[in-house]
Amino acid sequence: MQKEIIIAGFGGQGVLFGGQVLAYAAMDAGKEVTWIPSYGPEMRGGTANCTVVIADDEIGSPLVKNPPLAIALNLPSFDKYEEVLAPGGTLIVNQSMVDRGAKRDDIHVIFVPCNEIAEEIGDKKLLNMVAVGALLTVLNDITLKDVEKALEGHLPARHKHLLPKNFEALKRGFEAAQKMPA
Amino acid sequence: MPRELWKGNEAIAEASVRAGLDAYFGYPITPQTEILEYLSKRMPELGRAFVQAESELGAINMVYGAACAGVRVMSTSSSPGVSLMMEGLSYIQGTEVPAVLVNVMRGGPGLGNIAPSQADYNQAVHGGGHGDYHNIVLAPASVQEAIDLTVMSFDLAEKYRTICMVILDGSVGQMMEPAKMPEMRPMQRANWDWATDGRMGKRPRRILSSIYLDPIEEEKLNLRLLSRWKTIQRDEVRYKEYFLDDAEFVIVGFGTAGRVALSAVRQARAKGIKVGLLRPITVSPFPFEAIEQLVGRVSGFLVTEMNSGQMLEDVRLAVKGRVPVEFYGRMGGVVPFTEEILHEIERIASSKLSVDVDPREAWLERMAQAV
């Protein structure tokens, strides 16, 4: 088994942390995983992305040209990753930040209003967790429970009070994606 | 010890601490700065020396001084910063003192950029500073290897009184992977019979220097260095093999180019192409013998690097024109995708190769066509 995921958005949308949460969950589930950020100057205020590869065996390339899975948290990322997604792949799109529908019909595009859901929960910074929750509907090797445990196990103590809202964000994202017509 | 998710740079920093790093001197530069940043907190916590020097020149000469005092010492930098250190490296080698230097390589030459690169292979492996010397050069491809090789680099440097460099491209430095840290080694300073660590009036004076005004004496040093290097070449070669048992041709790649090649090899295998991978872990000493063993039973080699074919020259030296050697490289901070190397594998598997073709010329022609 090997799955590649790209998470992309503006700097500040929690793109890198969203990927790390998946990486922690994969590690705790006993899998091999790589997490690699775009670390160029673009991450300061511009677009940011990270690539997460989850596998059973030693991972070769930590980068991927045509990912089967991606999260686009803003319009530039939607434009970019809709184009390169592998046929048959799934793209989670933050509906709150885009003004168009899907162009390709050979991929699954799941629109989730991440900003609105995060604001309903009471912390707009949780939009990345909403998107990660949505991704879990198609990432069969990692469960919602795995990600919750990863957050619990690896979040610094000073942030532990944020756990319930993070869990809620993951769950709401998961449910929103499930409601989308396949 | 359980696996933890470590970023390459921070993993190197913590591994050096656990290996007994006594003194660190450095200067910030992307994509290496996390090592310095991590140690700026960790070293004082443990009562060990951390100095952010005024420049890379300052840092390497502080390393030189600490190395003469016989303590475990390290500096880390990235390509332009490492270039600034070359004079110091030559002096350290000329003085026969152990030191560790990590180079998290970025695109060059010049200021270049901060993207992952392997373009400092020649500088690390074939020279850099002036004079006749060789560095031991280790090339990790993963965070776990970065940890293990950092620990090993101190032991090798001290065993042979030499510089041990760890070269990795920026992506290994920036990447996170699950890895296991070694146990913390107890800090104890070795009682070297060469160190200028204060004689306290108890023993004859020691002098460490790289000055041998008498050419005959300098030549004796050169012979001593060479004799040590011969032992290193015999005893310290390390590499990893993948799918070599029935391989009809073999990719040679180190660091990130090597692990991208692994993905390509797996995909090629799934298509029935019998290709293997040899990933040098020590690029200096280079695994000449491992390639010699393969020459007799494979039909050719493909060298993949994130430079214009620097290790390629060492592979050609090992192959000695007996079978074709092909090359595929990306430069300037570009990391090849799996598909690019797979494409090369498929090209090689379906064409008749010749030993008369210059691999770099042929690669440049293919690159020109692709653009």
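Every number in this text was worked out from the coordinates using simple rules, so none of it is lab data. From a predicted model like this one, the values you see are computed outputs, not experimental measurements. Note that each Cβ is placed from the backbone with ideal geometry, even for glycine, and that neighbours are counted across all protein chains shown.
Compute the orientation-averaged projected area for chain A from the convex hull of its Cα atoms and round it to one decimal in nm². Don't jump to the answer; show the numbers that get you there.
On the way: hull surface 39.2 nm².
The number I arrive at for chain A is 9.8 nm².
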Point-charge dipole on Cβ atoms (K/R +1, D/E -1) for chain A, about Cα centre, debye to 20: 420 debye
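For peptide B:163-172, what's the mean number of Cβ atoms from other chains within 10 Å of each residue's Cβ?
On the way: counts 0, 0, 0, 0, 0, 0, 0, 2, 7, 2.
Averaged over the peptide's residues, the number is 1.
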Helical contribution to [θ] at 222 nm, DSSP H n ≥ 4, -39,500 (n - 2.57), averaged over the protein assembly as shown, rounded to 500: -12500 deg cm²/dmol
Of A:GLY11, A:ALA176, A:VAL84, farthest towards positive along the dipole that unit charges on Lys, Arg, Asp, Glu beta carbons give segment A:2-179: A:GLY11
Among A:GLY153, B:PRO336, B:ILE281 - extreme Cα towards positive end, dipole of the protein assembly as shown, charges at beta-carbon: A:GLY153
Simple Cβ-charge dipole of the protein assembly as shown, Lys/Arg +1 and Asp/Glu -1, about Cα centre, in debye nearest 20: 960 debye
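After finding the eigenvalues of the alpha carbon gyration tensor for segment B:285-342, what semi-axes result from the square roots of 5 times each, listed largest first in whole Å?
Values: eigenvalues 99, 33, 16 Å².
Equivalent-ellipsoid dimensions as semi-axes: 22, 13, 9 Å.
What is the order of A:LEU144, B:LEU213, A:LEU16, fewest Cβ neighbours within 10 Å to most? Show your work: numbers first, answer last.
Values: A:LEU144 17, B:LEU213 6, A:LEU16 20.
Final ranking by Cβ density, sparse to dense: B:LEU213, A:LEU144, A:LEU16.
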Sorted by Cβ neighbour density within 10 Å, fewest at the top, the residues A:CYS114, B:CYS164, B:CYS68, A:CYS50: B:CYS68, A:CYS50, B:CYS164, A:CYS114
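As a quick test, which of the pairs A:LYS65/B:LYS41; A:LYS80/B:LYS41; A:LYS103/B:LYS7; A:LYS145/B:LYS180 have an alpha carbon distance above 31 angstrom in this structure?
A:LYS65/B:LYS41; A:LYS80/B:LYS41; A:LYS103/B:LYS7
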Gyration tensor (alpha-carbon) shape descriptor, the protein assembly as shown, a/c threshold 1.5: oblate
Intensity falloff of segment B:4-235 expressed as log10 I(q)/I(0), Debye formula with alpha-carbon point scatterers, at q = 0.07, 0.08, 0.16, 0.17 Å⁻¹: -0.21, -0.27, -1.10, -1.24
Per-residue Cβ neighbour rank within 10 angstrom, fewest leading, A:ILE54, B:ILE167: A:ILE54, B:ILE167
Contact order relative to length of chain B, as percent, for alpha carbon pairs under 8 angstrom and 6 or more apart: 17 percent
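Please list B:323-330, B:107-114 highest first by mean number of surrounding beta-carbon atoms within 10 Å per residue. Please report the intermediate quantities before stating the final value.
On the way: B:323-330: 23.1, B:107-114: 16.0.
Those peptides, ordered most packed to least, come out B:323-330, B:107-114.
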Debye, to nearest 20: dipole size of segment A:103-165, +1 on Lys, Arg Cβ, -1 on Asp, Glu Cβ: 280 debye
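Give me D for segment B:230-333 in µm² s⁻¹, whole number, from Stokes-Einstein with Rh from the Kirkwood sum over alpha-carbon pairs, 10 °C and 1.306 mPa s.
Numbers: Rh = 13.7 Å.
In µm²/s, the coefficient is 116.
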Euclidean distance of C-alpha centroids, segment B:77-97 and segment A:155-170, integer Å: 47 Å
